[in-house]
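Encoded as structure tokens, the structure appears first; notes follow it.
No value in this document is a laboratory result; all are computed from the given coordinates. All values derive from a computational prediction rather than experimental measurement. Positions of Cβ are generated from backbone atoms using ideal geometry, with glycine treated the same way; all protein chains shown enter the neighbour counts.
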Amino acid sequence: MLSAILIVTLVVADLDSTRSAYVDWLDYQIVAEDSVSSDLAASWAAPAAAGSRSVLLQPASGATMWLRLVERPHATGYRAMHSTGWTANEILVEDPFDLAERFSKPGSPFRVVGPPAPLGSNGKVIAMQAIGPAGELNYFTRIPPEGGTFIKTPAAGRVDRTFIAVVGGRSMTSMSAFYRDTLGMTVLAPYPSAVQVVNDARGLPPDYQMQLAVAPISPASILELDEYPGDTADRVAPTGDLPAGMAMVSFLVDSLDSTKLAWRSPPRLRSEPPYSGRRVGVVVGAAGEWIELIERESR
């Protein structure tokens with residue numbers, strides 16, 4: 001059902017500093033800057049977010065993928081990898097080593113927590129992890145010109161688009177079933193993996209392995225499912241509000257007419273960018289992750 005990643009929504013405590021980090025350090029371009037309308041907040045069933053300052057950013061490559069920042073006071077103190085839900089935004093880049101050197105300079109809003117290193121499954125794929133100004137976790141990854149196992153397109157610029165969204169939950173069985181049975185995805189068999197950045201953040205042994213599964217979306221994007229330890233807390237949003245941190249990921253779909261979907265609010269037409277007159281609805285996944293679905297065709 002899911003065919004592309006369109007928007008990653010970050011809920012942040014300081015919009016100005018977070019916007020500057022992505023614009024000044026990662027070359028994102030400002031597409032729109034406004035407040036969240038009451039109607040848009042209602043479409044998320046998050047009325048408390050109405051009136052919040054918001055900015056929509058796009059990679060300098062012009063890729064049809066956006067980063068949306070929404071300023072909410074409860075985002076203060078958010079820590080990635082310590083709760084369930086969306087946990088990491090993986091972005092295509094040309095050179096993680098160059099980016100890591102840039103992040104080492106004074107004043108950098110990004111803190112490297114996993115230096116550039118080849119993937120064990122494919123030494124030509126180089127990945128780095130860094131915590132951003134709002135406590136969010138980003139992976140910055142180089143795909144070789146010939147493509148990787150699932151992703152066939154390398155970065156189209158120094159910093160390009162999101163190509164993997166990572167969700168973390170306590171039950172691989174529940175997460176896999178949701179994406180397979182409710183959203184119609186092919187979820188590959190899970191396998192054990194020592195994710196060093198998570199082990200370090202959680203104080204786990206370096207060799208601790210969690211179950212990891214991949215759900216290919218297209219040759220350009222992937223959904224990754226990580227099974228976090230059983231004591232991982234739920235990321236609870238304040239009543240009527242968005243979750244903190246990586247709050248929501250928006251995907252392109254062919255149709256919202258499915259009887260399997262339990263909507264937070266009934267789908268409705270949205271005109272503001274980047275919706276462009278398409279229907280939009282929000283569901284919640286098995287790990288508590290908010291999933292915004294956007295129909296392919298406008299009405």
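Would you mind classifying the chain by shape? Square roots of the alpha carbon gyration tensor eigenvalues, ordered a ≥ b ≥ c; an a/c under 1.5 is rounded, otherwise it is prolate if a/b is larger than b/c and oblate if not. Rounded, since a/c falls under 1.5. Placing +1 on each Lys and Arg Cβ and -1 on each Asp and Glu Cβ, with no other charges, gives the chain a dipole about its Cα centre of roughly 300 debye. Ranking 291, 258, 269 by how far each Cα lies toward the positive end of the dipole of the stretch 251-299 (charges on Cβ) leaves 269 at the top. For the stretch 133-166, trypsin sites (Lys or Arg not before Pro) are listed when DSSP marks them as loop and at most 13 other Cβ atoms sit within 10 Å of their Cβ; the list is 152.
Per-residue Karplus couplings for the stretch 75-86, computed as 6.51 cos²θ - 1.76 cosθ + 1.60 with θ equal to phi - 60°, are listed in order as 6, 4, x, 4, 10, 5, 6, 10, 8, 6, x, 5 Hz, Gly and Pro entered as x. Summary value for the chain: 23 percent relative contact order, contacts being C-alpha pairs under 8 angstrom separated by 6+ residues.
Sorted fewest first by neighbouring Cβ atoms within 10 angstrom, 97, 163 come out as 97, 163.
Fewest neighbouring Cβ atoms within 10 Å first, the residues 141, 259 line up as 259, 141. Amide H contacts under 5 Å for residue 66: 7, 8, restricted to partners 5 or more places along the chain or on a different chain, H placed in the peptide plane at 1.01 Å from N. Of the GluC sites (Glu not before Pro) in the stretch 216-299, the ones in a loop by DSSP (not H, G, I, E or B) with at most 14 other beta carbons within 10 Å are 297. Think of the stretch 2-295 as having a plus end and a minus end, set by charges on the Cβ of Lys, Arg, Asp and Glu; of 56, 43, 217, 43 sits farthest toward the positive end of this dipole. To make sure I understand the rule: partners must be lysines, Cα under 17 Å from the Cα of residue 124, and not fewer than 8 residues away in the same chain. Which ones qualify? Correct list for residue 124: 152. 3J(HN,Hα) along the stretch 270-283: 10, 9, 6, x, x, 6, 6, x, 9, 7, 9, x, 10, 10 Hz, from the Karplus curve 6.51 cos²θ - 1.76 cosθ + 1.60 with θ = phi - 60°, whole Hz, x for Gly and Pro. For the stretch 164-235, chymotrypsin sites (Phe, Trp or Tyr not before Pro) meeting the loop criterion (DSSP other than H, G, I, E, B) and having at most 16 other Cβ atoms within 10 Å: 208.
Can you compute the helix-only [θ] at 222 nm over the chain? Use -39500 (n - 2.57) per DSSP H run of at least 4 residues, normalise by all residues, nearest 500 deg cm²/dmol.
Numbers: 5 runs with 33 residues, N = 299.
The helix-only estimate for the chain comes to -2500 deg cm²/dmol at 222 nm.
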